[in-house]
1. Can you tell me which residue is nearest to Ala145 (Cα to Cα) among those in the stretch 113-122 that are exposed (fewer than 15 other Cβ atoms within 10 Å of the Cβ) and either free of Cβ contacts under 8 Å to residues at least 24 places away in the same chain or within 18 Å of the chain's Cα centre (by Cα) (or both)?
2. Being away from the ligand (no atom under 12 Å from the Cβ) and within 19 Å of Ala75 (Cα to Cα) narrows it down to one residue among Gly52, Gly27, Gly37, Gly20; which is it?
3. Does Leu79 qualify as being within 26 Å of Leu218 (Cα to Cα) and either surrounded by 21 or more Cβ atoms within 10 Å (Cβ to Cβ) or within 10 Å of the ligand (Cβ to nearest atom) (or both)?
4. Please identify the pairs in which a residue from the stretch 13-40 that is on the phi > 0 side of the Ramachandran plot and in contact (Cβ under 8 Å) with a residue 24 or more places away in the chain has its Cβ atom under 8 Å from the Cβ atom of a residue that is within 9 Å of the ligand (Cβ to nearest atom) and of a type in the set (S, T, N, Q), counting only partners at least 6 apart or on another chain.
5. With the structure loaded, tell me whether Glu42 is near the ligand (Cβ under 10 Å from one of its atoms), at pLDDT 95 or above, within 13 Å of the chain's Cα centre (by Cα) and farther than 21 Å from Arg185 by Cα or whether it fails that test.
6. Consider Tyr6 carefully, then state whether it is touching a residue at least 24 places away in the same chain (Cβ under 8 Å), farther than 16 Å from Glu213 by Cβ and more than 8 Å from the ligand (Cβ to nearest atom).
Amino acid sequence: MIDLLYKVPDHVAVIMDGNGRWAKRRGLPRVFGHKEGAKAVERTIRIANKAGVKWLSVFAFSTENWGRPEEEVNAIMSLLVEYINTKVPHLKRDNIRLRFMGRRDGLPEMILKSMDEGEKMTQDCDGMNFVVALNYSGKAEIVDAVNKIIKSGVSKIDEKDFAKYLYIPEMPEPDLLIRTSGEKRISNFMLWELAYTELYFTEVLWPDFNEEEFLKALYFYQSRERRFGKVTV
Ligand code: FPP
């Protein structure tokens, strides 16, 4: 099936949604949904890499997510540390570079340590980039960029130069955004970068997301004609 791909997006961004509902439907605590969600992340990395995607980014924890019950926040943080600590050798083996974007302020020390180690261990990998948005907010990213600009003393700037102040300046803008669980919102994810991104929404809950669903999103992308505000001649 993968041979049928002819126009693979360079950057696929994902809003992983529906973990809580997945658990609730099974009468399980929400944390179980996040655990299954972590497995879906692994499947997605594998298929994206196989398909030739160069950047895969996932929205793991927003600045707003701190408002969830403490038990759930702690469980997500522990899952992330566990994920980083156990999966980084696999990422390295597959030549995948792990990166994070978001505000470091407010993240627990144990998480920061794992993040730094994971980034360092994979820094020489030059295959796919796997970006985890953690303590991330699109508005905060823009505000942080503005503050960096003010600090640098620049008094006038255009869009191209502005992008150099975002969290990962070399990251291309997403070609395709996937959001699971039927919600049709951007929810403060990459507000600057999503300007011309194709949006794909699926009813599938994130823990059920698999290779087939990823390929469906890629076929949707292939069927789109991107004009970037211009007309086709
Ligand atoms: C959204 O579902 C999911 C999250 C906010 C957490 C995502 C975190 C993981 C999948 C953990 C592992 C991550 C990595 C990168 C290994 P929700 O809880 O908002 O679901 P609901 O809308 O059904 O309540």
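The values are calculated or read from the model by the stated rules, or taken from the named source; none is laboratory data. What you are looking at is a predicted structure, and each value in this text was computed from that prediction instead of being measured. Reconstructed Cβ throughout: ideal geometry from the backbone, glycine too, with neighbour counts over all protein chains shown.
1. So, considering only residues that are exposed (fewer than 15 other Cβ atoms within 10 Å of the Cβ) and either free of Cβ contacts under 8 Å to residues at least 24 places away in the same chain or within 18 Å of the chain's Cα centre (by Cα) (or both), the one nearest to Ala145 (Cα to Cα) is Asp116.
2. The unique qualifying residue is Gly27.
3. no
4. Filtered contacts from the stretch 13-40: Gly18/Thr180; Gly18/Ser181.
5. Yes; evaluated as a whole, the condition is true for this residue.
6. yes
Residues checked against (1) part of a loop (DSSP other than H, G, I, E, B); (2) in contact with a Pro (Cβ under 9 Å, 6 or more places away or on another chain); (3) free of Cβ contacts under 8 Å to residues at least 24 places away in the same chain:
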position: Lys160; (1), (2), (3): no, no, yes
position: Tyr167; (1), (2), (3): yes, no, no
position: Glu173; (1), (2), (3): yes, no, no
position: Leu177; (1), (2), (3): no, no, no
position: Lys184; (1), (2), (3): yes, no, yes
position: Asn188; (1), (2), (3): yes, no, no
position: Leu199; (1), (2), (3): no, no, yes
position: Leu215; (1), (2), (3): no, no, no
position: Leu218; (1), (2), (3): no, yes, no
